[in-house]
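Notes to accompany the following structure.
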Amino acid sequence: MRAHRLYARDGRDDCNSVNNSDAYTDLRIASIFIILATSLFGALFPVLARRHRVLGVVIPETAFKVAKYFGSGVIIATAFIHLLDPATQELTSPCLSEAWQNYPYAMAICLCSIFMIFIVELIAFRWGTAVLARVGLKHDAHGHGLATGSHSAHGPEVQAQGADAVAAKMQLEYPDAVDIRSEELSMSDPEKGSAHHDAHAHDHGMHGALSDSAIAQIIGIAILEFGVVLHSVLVGLTLAVDEEFKILFIVIVFHQTFEGLGVGSRLAFMELPQKYAYVPVVGAVLFGITTPIGIAAGLGVRSTYNPNGATANIVSGVLDAFSAGILIYTALVELLAHEFIFNKEMIGGSNKQLVFALGCMMLGAGLMALLGRWA
């Protein structure tokens, strides 16, 4: 995504003229479908593989952990290398007026974005907590973040212990198993079984609509996906018109695959009621189609779109900076803090497990940062 910016900076292009390359038109059109396939594979594979066998083979849980932590590193590097730095270049372009050169607008927009997302989440959780209080459930103030493994996150936790805690967890994934548990309790202790059945019926009624935990998870992943989607559309526009198409095309194939794995691994670990099991699939498909849509749009306006013009620099710079703030907030708060610092498995687990997770994350960040050399 940097080739056209450097081209304008070298003074070899008129900021007001449209000089998009007509080379590789057939390959540019083919790139729509190639990148669609790679993006969908990266985002959908973790989601579908965690639910079903792939060609009769059960994917090991370790593979999902690798994808999850690797994806966290990818998202962090995307925020700084692929969004914040390009935004700074765009909003200090020589094609813009002097007023744009006198203040770090990209940093300011990124800062505003971070605070805006924080306030949106804060309001959402206050509302969710109030809803829980009205129905008599308690909210765990430290249960914030994307649900991963045994780390309960992003919202409320029903206070249950022993068999009741297991039954509450099983209710979301195996409703029939919970009913069996109720029947067993009824046989062994009619009064306890009846109380358990009533509690189960009340809880089942609550899960007829989205629970606070489910809403919180969807809000978290929606924020992440919004930032990634904006970035993906701009990537597609750039690829459609950039002169250095071949190099950029190869890099973006890897870029979208890695980023898709990052988003897909987050989607795969969402813990939602069965009624809303389609949400991760929709999120993965949405990610997969955005870059191809951007490429198609860029090809459609190639004769009039000037990627080096003032308008293009301002629009892409503002969107990149805004997306950078979203991903920085998500990466540091939702991923790093709650995957490591507030995760009991990491704090109390083995050093081997911690080193493994950190290694996967740094590998993802390192590879994505390396791709920033070309795109």
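Okay, here's what the table says:
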| quantity | calculated |
| --- | --- |
| Residue check, GLY300 within 19 Å of LEU234 (Cα to Cα) and in contact (Cβ under 8 Å) with a residue 24 or more places away in the chain | no |
| Residue within the stretch 272-281 that is surrounded by fewer than 23 Cβ atoms within 10 Å (Cβ to Cβ) and modelled with pLDDT of 90 or more present | yes |
| Which listed residue, of ILE76, ILE81, ILE109, ILE117, is part of a helix (DSSP H, G or I), under 30 Å from LEU370 (Cβ atoms) and modelled with pLDDT of 95 or more | ILE109 |
| Exclusive hit being at negative phi, touching a Cys at 6+ places or on another chain (Cβ under 9 Å) and at pLDDT 90 or above, set PHE33, PHE41, PHE70 | PHE70 |
| One residue from SER303, SER323 being within 30 Å of ARG28 (Cβ to Cβ), of a type in the set (S, T, N, Q) and surrounded by 23 or more Cβ atoms within 10 Å (Cβ to Cβ) | SER323 |
| Conditions (1) part of a loop (DSSP other than H, G, I, E, B); (2) at pLDDT 90 or above; (3) more than 23 Å from TYR329 (Cα to Cα): number failed by TYR103 | (3) |
| Candidates ALA296, ALA331, ALA357, filtered to the one that is of a type outside the set (Asp, Glu), at pLDDT below 90 and assigned by TED's automatic domain parsing to the domain that holds ALA67 | ALA331 |
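The values are calculated or read from the model by the stated rules, or taken from the named source; none is laboratory data. Here the structure is a predicted model, which means the values were calculated and not measured. Counting neighbours? That spans all protein chains shown, and the Cβs are built from the backbone with ideal geometry, glycine included.
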